[in-house]
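Novice: Okay, handing you the structure first.
The values are calculated or read from the model by the stated rules, or taken from the named source; none is laboratory data. What you see is a predicted model, and the numbers here were worked out from it, not measured in a lab. Because the Cβ atoms are built from the backbone with ideal geometry, glycine has one as well, and the counts that use them run over all protein chains shown.
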Amino acid sequence: MGNCVQSTKDFFCGPKNTNIRISLPAVCFVWQIAMIILFGVFIRYDEESDVRLWEIFKREHNITSDIENDFYFRYPSFQDVHVMIFVGFGFLMTFLKRYSFGGVGFNFLIASFGLQWALLMQGWFHALDPATGKISIGVESLINADFCVAGSLIAYGALLGKVSPVQLMVVTLFGITLFAVEEFIILDLLHCRDAGGSMVIHAFGGYYGLAISWVLYRPKLYQSKRLNGSLYHSDMFAMIGTLFLWMYWPSFNSAITDTGSGQHRAAINTYLALASSVLTTVAISSMSQKTGKLDMVHIQNATLAGGVAMGTAAEFQIMPYGSLIVGFCCGIISTFGYLFVTPFLEKRLKLQDTCGVHNLHAVPGMLGGFIGAIVAAAATEAVYSREGLISTFDFEGAFADRSVGTQGGFQAAGTCVAIAFGVVGGTGVGLILRLPIWGDPADDNCFDDEVYWEVPEEDESIPPVLEYNNHMVYKHQDITESNFSVEQS
Amino acid sequence: MGNCVQSTKDFFCGPKNTNIRISLPAVCFVWQIAMIILFGVFIRYDEESDVRLWEIFKREHNITSDIENDFYFRYPSFQDVHVMIFVGFGFLMTFLKRYSFGGVGFNFLIASFGLQWALLMQGWFHALDPATGKISIGVESLINADFCVAGSLIAYGALLGKVSPVQLMVVTLFGITLFAVEEFIILDLLHCRDAGGSMVIHAFGGYYGLAISWVLYRPKLYQSKRLNGSLYHSDMFAMIGTLFLWMYWPSFNSAITDTGSGQHRAAINTYLALASSVLTTVAISSMSQKTGKLDMVHIQNATLAGGVAMGTAAEFQIMPYGSLIVGFCCGIISTFGYLFVTPFLEKRLKLQDTCGVHNLHAVPGMLGGFIGAIVAAAATEAVYSREGLISTFDFEGAFADRSVGTQGGFQAAGTCVAIAFGVVGGTGVGLILRLPIWGDPADDNCFDDEVYWEVPEEDESIPPVLEYNNHMVYKHQDITESNFSVEQS
Amino acid sequence: MGNCVQSTKDFFCGPKNTNIRISLPAVCFVWQIAMIILFGVFIRYDEESDVRLWEIFKREHNITSDIENDFYFRYPSFQDVHVMIFVGFGFLMTFLKRYSFGGVGFNFLIASFGLQWALLMQGWFHALDPATGKISIGVESLINADFCVAGSLIAYGALLGKVSPVQLMVVTLFGITLFAVEEFIILDLLHCRDAGGSMVIHAFGGYYGLAISWVLYRPKLYQSKRLNGSLYHSDMFAMIGTLFLWMYWPSFNSAITDTGSGQHRAAINTYLALASSVLTTVAISSMSQKTGKLDMVHIQNATLAGGVAMGTAAEFQIMPYGSLIVGFCCGIISTFGYLFVTPFLEKRLKLQDTCGVHNLHAVPGMLGGFIGAIVAAAATEAVYSREGLISTFDFEGAFADRSVGTQGGFQAAGTCVAIAFGVVGGTGVGLILRLPIWGDPADDNCFDDEVYWEVPEEDESIPPVLEYNNHMVYKHQDITESNFSVEQS
């Protein structure tokens, strides 16, 4: 039995092997082939994207112009969301000095896998035709798939630099699955409204990532400390991500809201909340330094908190000043989070959160859920009109008699469900990821693209020859060995 | 009295203090709180974004489909303009080797503040309901707010690297205010057309920035000369800004024009003028160097001159070849400006224009105003049709009897008003900014992010150890002290 | 005669002169002036962008709302395509360590010229009104012009770093001309469908560039080998290009398809194929390295193969799982191409393909043509409905009796026409480019921005002074001479 214990210990505590030459291709192939089979069995075009069904649909609904196709209502917003997912999230995670390839590249990989799995999972829960057993997809499904992926990309933010791409595929597989279930509970069973996903995307994704990171705590992570920071240029790349997220967030929050005034209002509210966040983020960031200098970490992240927090309430009549107040408060809270909470979490709770998703997604998402609850509960017929209340909160069918107060209660309950799913699901997935088969890096090897990427050997090609009293001091090759090379890039 | 003079002199000429730990947060908080209060008092959703009013509006106007909501006419263009404001202007100003954080970051700050103030200022002048005392906002208001902000961002281009963020907030506060007034005079009183803002945005913004820069002349700016230039990578970041401005300029000029053929035509005209600008910019840039080499400064800036100059005429029937001619001439003029006028302004007129806004905005904007006047005066009923003339030039109400010739005269007058507002307003704001309370940098400290930003200390983390005959020559820490660090990034 | 031979030999084999101070401006001016004259003679607004004609058009077609203007159907897609052309292609070609200016800058130049020439060439073939002799342009013309330019930009990918900007202007002039002719043959005479241009854009452009590169083979290119590679940061810039191409490819393939379900379906299919490509690219890339590391070249390029290969079939009812299969296979094929075919081409066929356009455009484009043929031939009335078949394949007028089988045959024939035009046209253009008058760089001077650009001399401004035992070892100026400077940027 001692042998058994020993071999178990070896299995779990042996030296890390980051060779993923078999596991990564295997996972990619198996899962992609599974997607093809499942898509073949289940997924079809919906009535607005199938050439035959669209003609029938037009006839049945007396539609005279193609402009009434949902494509023209939602495609521009879809593309904005798409940019947020791949360039926004991707480049936001390039801030580390030697993990930019991993930041944008693994984001690309898991989002591409995730959106396929999301179309299936969300389809089974929301769009399965019981008669045919098929799922119909259209542009709104694509937006929802991108949204669903966002949850897992948020979780990646907490894990950045500390996990292997194979682990990220597992995080995404379970993340999408959990997302679809919690979304079904929150939107369908509790009948909450959450168009921009404060609850279902941000609170869930944030706590999911934090829980995984907590389970995967690395006590010796300080061994990689030299790489856990930014460079001047990597901060600039991250700003590309920040700005595309910031600019397109109004599209994120309005992409799947009610057409007409719903999308219009959601865009306005988000635009205002984000603008307000920027000012309070700058204020707190400047206050936190001796001479009032600004910190790029705050500017890159906390400026977005207003958008996260408006995810639920954006489509409601929160009023323009209400949006400004939300952004005002969340900019402050999020920046304080970066200043005090992240260090606290790391020291006291043993929770290493690389990108600070706690401050950008988890807390603002949770707040957004409760803000939505309050705004819903405060809705009045005077402001919305009777039909406006019905259309905004979908008080139809089984929910025709629900009052706004009850709705507010359910919204708050939905927020708690999202957090619970994140914490419990993340803990479970974290335990799976502790198996020593995933090729994750050792503690002194984190935040380093060299582990999973062919990093260009930039030095051998342009050897600089430095002169010292007309003698060559060194050739550049020597520098390479001492890691000088990557720093320069 | 001698003491008084002395203390006044000390006050104005003492050593610069760039500590903004109190002033910047104070300005941000005070102004953001003021925004919240004023929004609470004045700003409401308009009839297309308010759920109750939209239902009424649809009924009153016999609208059967939500696609008729203004959101679907203008939101894609709005998002393009939004990208131009934050990524376009922001990244265009990252070209300096050590002021990229300031370029993109302060642009972010002042645009976020400015758009809120613009919604109020433009609302008071254009959208105040006299009955309720409220301002109604919709997607077109957001576009106009972004436009209004553009004027101040252009002014920032002339000041880049030489002012503090607090000064920039002041520049923006007054810039937006002046903008709203001149816009009211030009568009409402003079009844000019200026959809893409050659006059109200570019000519005004350009001269506003130049006048401020002239008042803030720094005779010893050569002390920062080492930082007033670009790096290979900072030029690449600036190209991101250039290209997003260039690509989306058709949306800028068409965003608020008449729906239907108006937006369509404005986009085509701008697209063509921009393409033409690129070729003449390249030609002049190549001619200006001994061996025909191109200069990135020209490519980054003068290629955009065609878009600026089409700001007024884009919605008119200037004809495709007319657009090409405008781009052709403005590419040449703008590149000549960078080659000869900017150095001349600095040496003779004591005007330091960091980004060359004189050549990119002030002059092409002024020309655009006059081109608009000529094209308007040349409009004929044969080309436009009677109803086309009325809709294009808004010859309705009090202006029903205006002839196209008169319209041309007023367009020219409008251009002069814009320039006058820029020059006079900028001089005044410049004088305010000379007060020694704003935390601006000393002459030997300009163009340096270290002053207002926590710049990553990239060196301590990956110390390269260079070997010379097997002895360590130096550790990287030594380099840090000699500014080697930032250069590498 | 010996003298004659000798002087001919000198003419062709003398030392390279890269001075383009006369030729580049001359070409730009002559061609831009020619464009202005030809536009003046031929180009007019179409009935949806001319203010007078639009009013008539609305009356004739009983259109009550401006939203029916083609602008609102296609402008968002146009802008996405526009971003792909300038940022997508431009930044994808910035991956070389010292040729980023040339990658994005010359792309900008030739696209700007090309789109003007494309409006004329495509107009003469497709939109010339025989009555008036005029070409009418609208937003769809702009999209087609951008598409047409894409062919030449793809060709640039094979030539990157080895040609002068004057040569590129020639490549573009002939490329656009050949494109318009082959497009006329394929789309009009053979009546193929090719909305996303697998055949007319990618197969043609790819083989066109490869043929030129083959004729311009440089046996001593190894002399520039030190510069033919990437840096960490230049790879990040290239990822900007990759991602914008990847994200907006659904817009590329749907931009000019049938309105309604056609655009909707094309976007869905492309979205899925691209996602699938990413997974197989990652899998093969990882398998190809000893420890499973990923190669940025594959991620930057092969992930896009699914979009290329869906260019023809995207608008057909290929079914979601069909799209996944296309992406699956093309990701594998394209990555294998980078691993094995590009080295083979260079060694055995004397074909130097800088960006690997063979693997990203030529082969996936050709496959896309044949996939389109198969999917067309497999179309059934049960899936499409009778009217769906007619609208999807334009079985109208002279082609009313064509069967889907015949259509499939013509689609395959169209693919061959595109390849033939590319190979033959490219060979001819390559021979023209061998004339020694174009200012192309010598073999040891390729891939170097210094040849055609004023590269910032970053060193003189921030001299780092390194200390060794308190003695200055060197000033930075010394490093400059040894090329150290650019490497750092």
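Novice: Here are the criteria: (1) farther than 23 Å from C:ALA373 by Cα; (2) facing chain A (nearest Cβ under 9 Å). Tell me which single one C:GLN300 does not satisfy.
Specialist: The one condition C:GLN300 does not meet is (2).
Novice: Can you tell me which residues in region C:297-317 are assigned to a helix (DSSP H, G or I) and either of a type in the set (S, T, N, Q) or more than 20 Å from the chain's Cα centre (by Cα) (or both)? Write out each step before concluding.
Specialist: In the first step, residues of region C:297-317 are kept if they are assigned to a helix (DSSP H, G or I); the result is C:297-309, C:313-315.
If the condition is that a residue be assigned to a helix (DSSP H, G or I) and either of a type in the set (S, T, N, Q) or more than 20 Å from the chain's Cα centre (by Cα) (or both), then C:GLN300, C:ASN301, C:THR303, C:GLU315 are the ones that fit.
Table: residues versus (1) crowded, with 23+ Cβ neighbours inside 10 Å; (2) touching a residue at least 60 places away in the same chain (Cβ under 8 Å).
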| site | (1), (2) |
| --- | --- |
| C:VAL363 | yes, yes |
| C:GLY397 | no, no |
| C:ASP401 | no, no |
| C:THR406 | no, no |
| C:CYS416 | no, no |
| C:ILE419 | no, yes |
| C:LEU431 | no, yes |
| C:PRO436 | no, yes |
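Novice: Given (1) touching a strand residue (DSSP E or B) at 6+ places or on another chain (Cβ under 8 Å); (2) assigned to a helix (DSSP H, G or I), where does A:GLY40 come up short, assuming only one miss?
Specialist: Here A:GLY40 meets the rest and fails (1).
Novice: Considering only region A:88-132, how many residues are over 21 Å from A:ILE176 (Cβ atoms) and not acidic (Asp, Glu)? Step through it out loud before you land on a result.
Specialist: We begin by selecting, within region A:88-132, every residue over 21 Å from A:ILE176 (Cβ atoms); these are A:91, A:94-101, A:129-132.
Next cut, not acidic (Asp, Glu) only: A:91, A:94-101, A:130-132.
Final tally of qualifying residues: 12.
Novice: Check B:LYS225 against each of (1) more than 7 Å from every other protein chain (Cβ to nearest Cβ); (2) at positive phi; (3) free of Cβ contacts under 8 Å to residues at least 40 places away in the same chain and name the one condition it does not meet.
Specialist: Just one mismatch for B:LYS225, condition (2).
Novice: Among residues belonging to region B:28-37 that are under 18 Å from A:THR270 (Cα atoms) and in contact (Cβ under 8 Å) with a residue 40 or more places away in the chain, point out the one that is farthest from the other protein chains (Cβ to nearest Cβ).
Specialist: B:MET35
Novice: Quick one: in region C:92-125, of everything that is facing chain B (nearest Cβ under 7 Å) and small (Gly, Ala, Ser), which residue is nearest to C:PHE184 (Cα to Cα)?
Specialist: Our first condition is that a residue be facing chain B (nearest Cβ under 7 Å); within region C:92-125, this holds for C:94, C:100-101, C:104-105, C:108-109, C:112-113, C:115-116.
Okay, now just the ones that are also small (Gly, Ala, Ser), so C:100, C:105, C:112.
Numbers: C:SER100: 35, C:GLY105: 30, C:SER112: 22 Å.
Of everything passing the filter in region C:92-125, C:SER112 is nearest to C:PHE184 (Cα to Cα).
Novice: On to the next question. Residue by residue through region C:90-129, note down the ones that are surrounded by fewer than 24 Cβ atoms within 10 Å (Cβ to Cβ) and not in a helix (DSSP H, G or I).
Specialist: If the condition is that a residue be surrounded by fewer than 24 Cβ atoms within 10 Å (Cβ to Cβ) and not in a helix (DSSP H, G or I), then C:ALA127, C:LEU128, C:ASP129 are the ones that fit.
Novice: Same structure again: Against the condition more than 10 Å from chain B (Cβ to nearest Cβ) and closer than 17 Å to B:TRP246 by Cα, how does C:PHE89 come out, does it pass?
Specialist: Numbers: more than 10 Å from chain B (Cβ to nearest Cβ): yes; closer than 17 Å to B:TRP246 by Cα: yes.
Spelling it out, C:PHE89 is indeed more than 10 Å from chain B (Cβ to nearest Cβ) and closer than 17 Å to B:TRP246 by Cα.
Novice: If you don't mind, there's one more thing I want to ask. Only one residue in B:LEU324, B:LEU304 is touching a residue at least 60 places away in the same chain (Cβ under 8 Å) and not small (Gly, Ala, Ser). Which one? Step through it out loud before you land on a result.
Specialist: Values: B:LEU324 fails: touching a residue at least 60 places away in the same chain (Cβ under 8 Å).
Answer to the selection: B:LEU304.
To keep it simple, each residue is scored yes or no on (1) in a helix (DSSP H, G or I); (2) of a type outside the set (Ser, Thr, Tyr); (3) under 13 Å from the mean Cα position of the chain (by Cα); (4) under 30 Å from B:ASN69 (Cα atoms).
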| site | (1), (2), (3), (4) |
| --- | --- |
| B:SER141 | yes, no, no, yes |
| B:PHE147 | yes, yes, yes, yes |
| B:LYS162 | no, yes, no, no |
| B:VAL170 | yes, yes, no, no |
| B:GLY175 | yes, yes, yes, no |
| B:VAL181 | yes, yes, no, yes |
| B:PHE184 | yes, yes, no, yes |
| B:LEU187 | yes, yes, no, yes |
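Novice: Restrict the check to region C:240-247 and report whether at least one residue is more than 8 Å from chain A (Cβ to nearest Cβ), modelled with pLDDT under 95 and either under 19 Å from the mean Cα position of the chain (by Cα) or assigned to a helix (DSSP H, G or I) (or both).
Specialist: Step one: of region C:240-247, the residues more than 8 Å from chain A (Cβ to nearest Cβ) are C:241-242, C:245.
Remaining after also requiring modelled with pLDDT under 95: none.
No, the conditions are met nowhere in region C:240-247.
Novice: Considering only region B:38-68, how many residues are facing chain A (nearest Cβ under 7 Å) and either on the phi > 0 side of the Ramachandran plot or touching a Leu at 6+ places or on another chain (Cβ under 6 Å) (or both)?
Specialist: Matching residues across region B:38-68 total 1.
Novice: Restricting to region C:43-74, name every residue that is of a type in the set (Phe, Trp, Tyr) and buried (at least 20 other Cβ atoms within 10 Å of the Cβ).
Specialist: Restricting attention to region C:43-74, the residues satisfying the condition of being of a type in the set (Phe, Trp, Tyr) are C:45, C:54, C:57, C:71-73.
Scanning region C:43-74 gives C:TYR45, C:TRP54, C:PHE71, C:TYR72, C:PHE73.
Novice: Tell me yes or no: at least one residue of region C:297-311 is more than 27 Å from C:GLY88 (Cα to Cα) and β-branched (Val, Ile, Thr).
Specialist: From region C:297-311, those more than 27 Å from C:GLY88 (Cα to Cα) are none; that's our starting set.
So far as region C:297-311 goes, no, none of its residues is more than 27 Å from C:GLY88 (Cα to Cα) and β-branched (Val, Ile, Thr).
Novice: Right, B:LEU173: surrounded by fewer than 24 Cβ atoms within 10 Å (Cβ to Cβ), more than 23 Å from B:GLN407 (Cα to Cα) and within 14 Å of chain A (Cβ to nearest Cβ) or not?
Specialist: On the way: surrounded by fewer than 24 Cβ atoms within 10 Å (Cβ to Cβ): yes; more than 23 Å from B:GLN407 (Cα to Cα): yes; within 14 Å of chain A (Cβ to nearest Cβ): yes.
Criteria met by B:LEU173.
Novice: Among residues belonging to region C:180-233 that are small (Gly, Ala, Ser), within 30 Å of C:THR259 (Cβ to Cβ) and modelled with pLDDT of 95 or more, point out the one that is surrounded by the most Cβ atoms within 10 Å (Cβ to Cβ). Write out each step before concluding.
Specialist: Of the residues in region C:180-233, the ones small (Gly, Ala, Ser) are C:180, C:195-198, C:203, C:205-206, C:209, C:211, C:213, C:224, C:229-230.
Filter once more, so that each one left must be within 30 Å of C:THR259 (Cβ to Cβ): C:180, C:195-198, C:203, C:205-206.
Next cut, modelled with pLDDT of 95 or more only: C:180, C:196-198, C:203, C:205-206.
Details: C:ALA180: 23, C:GLY196: 33, C:GLY197: 29, C:SER198: 33, C:ALA203: 37, C:GLY205: 32, C:GLY206: 31.
Residue satisfying both the conditions and the ranking: C:ALA203.
Novice: Taking region A:318-339, which residues are small (Gly, Ala, Ser), within 17 Å of B:PRO25 (Cα to Cα) and within 19 Å of the chain's Cα centre (by Cα)? Explain how you work it out, then say what you get.
Specialist: In the first step, residues of region A:318-339 are kept if they are small (Gly, Ala, Ser); the result is A:322-323, A:327, A:331, A:334, A:337.
When the remaining residues are screened for being within 17 Å of B:PRO25 (Cα to Cα), the result is A:327, A:331, A:334.
Across region A:318-339, the qualifying residues are A:GLY331, A:SER334.
Novice: May I ask you to say which residue of A:THR335, A:THR259, A:THR342 is polar (S, T, N, Q), surrounded by fewer than 24 Cβ atoms within 10 Å (Cβ to Cβ) and under 19 Å from A:GLY157 (Cα atoms)?
Specialist: Numbers: A:THR335 fails: surrounded by fewer than 24 Cβ atoms within 10 Å (Cβ to Cβ); A:THR259 fails: under 19 Å from A:GLY157 (Cα atoms).
Criteria check complete, one pass: A:THR342.
Novice: With the requirement that a residue be in contact with a Ser or Thr (Cβ under 9 Å, 6 or more places away or on another chain) and surrounded by 24 or more Cβ atoms within 10 Å (Cβ to Cβ), what does region A:130-150 give you?
Specialist: First, the residues of region A:130-150 that are in contact with a Ser or Thr (Cβ under 9 Å, 6 or more places away or on another chain): A:135-139, A:143, A:149.
A:ILE135, A:ILE137, A:VAL139, A:VAL149, listed by residue number.
Novice: Working only within region B:285-296, note down all residues that are more than 23 Å from B:LEU96 (Cα to Cα) and either in a helix (DSSP H, G or I) or among the aliphatic types (A, V, I, L, M) (or both).
Specialist: Narrowing region B:285-296 to residues more than 23 Å from B:LEU96 (Cα to Cα): B:287, B:290-292.
Result: B:MET287, single match.
Novice: Which residue out of C:SER254, C:SER234, C:SER261 is at negative phi, small (Gly, Ala, Ser) and at the interface with another protein chain (Cβ under 7 Å from one of its Cβ atoms)? Don't jump to the end; show me each part of the working.
Specialist: Working: C:SER254 fails: at the interface with another protein chain (Cβ under 7 Å from one of its Cβ atoms); C:SER234 fails: at the interface with another protein chain (Cβ under 7 Å from one of its Cβ atoms).
Exactly one residue qualifies, and that residue is C:SER261.
Let's see how each residue does on (1) over 16 Å from A:MET310 (Cα atoms); (2) among the charged types (D, E, K, R); (3) in contact with a strand residue (DSSP E or B) (Cβ under 6 Å, 6 or more places away or on another chain):
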site	(1), (2), (3)
A:LEU345	yes, no, no
A:LYS350	yes, yes, no
A:ASN359	no, no, no
A:LEU367	no, no, no
A:ILE371	no, no, no
A:ILE374	no, no, no
A:SER385	yes, no, no
A:THR392	no, no, no
